[in-house]
Amino acid sequence: MTAPQFEPATERDVAVVTAQLGRPARGVLGIAARCVCGNPTVVATAPRLPGGTPFPTLYYLTHPAATAAMSRLEADHVMAEFQELVETDAAVHAAYEAAHRAYLADRESIEAVEEIRGFSAGGMPDRVKCLHALAAHSLAAGPGVNPIGDLALERGDWSPNVCECADYGL
Ligand SMILES: [Zn+2]
């Protein structure tokens, strides 16, 4: 199994992610997706954080405009709509299960952490529980891997091709 390739995070990247999150970025393995301007949108985070805490969310959405767009979709009950799609469309469900397996494969190629074995992110493979995590997977993996993350990005009013970054002074 080949480990996913992430661009290494520069010192500036880590500083931007810290500013985006409003707290120190921990366990950053690399940058899995970027804004058109180059700022990080998704960080790849270690399956076990420094200090030992298991961290299932390999792909973590950090960009404030992106996270806000996903939060608006969640507030608009889009998750219930996507949940119904997963339950009623066999092709979508199969693709969502494949996305779950791809997520686990990516993570376990870095480190297999017993406490989170079989748990991916965002509710996969049967539930739609966090559009932020699913969109982050889609941004990291590219279109066609996570059907619900792809739909969330299509539906949201944020795009990685239009820079809405704050001036972090970095
Ligand atoms: Zn930007």
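The values are calculated or read from the model by the stated rules, or taken from the named source; none is laboratory data. Predicted model, so just to flag it, every value in this text is computed and none were measured. All Cβ positions, glycine included, derive from the backbone under ideal geometry; neighbour counts span all protein chains shown. Surface accessibility is based on the protein's heavy atoms, side chains included, excluding ligands, DNA and RNA. Shrake-Rupley method; radii C 1.70, N 1.55, O 1.52, S 1.80 Å.
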Which one of these does Gln20 not meet: (1) buried (at least 21 other Cβ atoms within 10 Å of the Cβ); (2) over 19 Å from Ser120 (Cβ atoms); (3) in contact with an Asp or Glu (Cβ under 7 Å, 6 or more places away or on another chain)? (3)
Of everything in region 145-160 that's in a loop (DSSP other than H, G, I, E, B) and more than 10 Å from the ligand (Cβ to nearest atom), which residue is most open to solvent (accessible area, probe 1.4 Å)? Asp157
Qualifying positions in region 69-85 - open to solvent by less than 40 Å² (accessible area, probe 1.4 Å) and out of contact with any helix residue (DSSP H, G or I) (no Cβ under 8 Å at 6 or more places or on another chain): Ala69, Gln83
Regarding Tyr96, is this residue touching a residue at least 60 places away in the same chain (Cβ under 8 Å) and either over 21 Å from Thr62 (Cα atoms) or within 16 Å of the ligand (Cβ to nearest atom) (or both)? no
In region 1-66, which strands (runs of 3 or more DSSP E) lie fully inside it and hold 2 or more residues that are in contact with a Gly (Cβ under 8 Å, 6 or more places away or on another chain)? 40-45
Among the listed residues Thr57, Thr41, Thr88, Thr62, identify the single one that is open to solvent by 70 Å² or more (accessible area, probe 1.4 Å) and out of contact with any Asp or Glu (no Cβ under 8 Å at 6 or more places or on another chain). Thr88
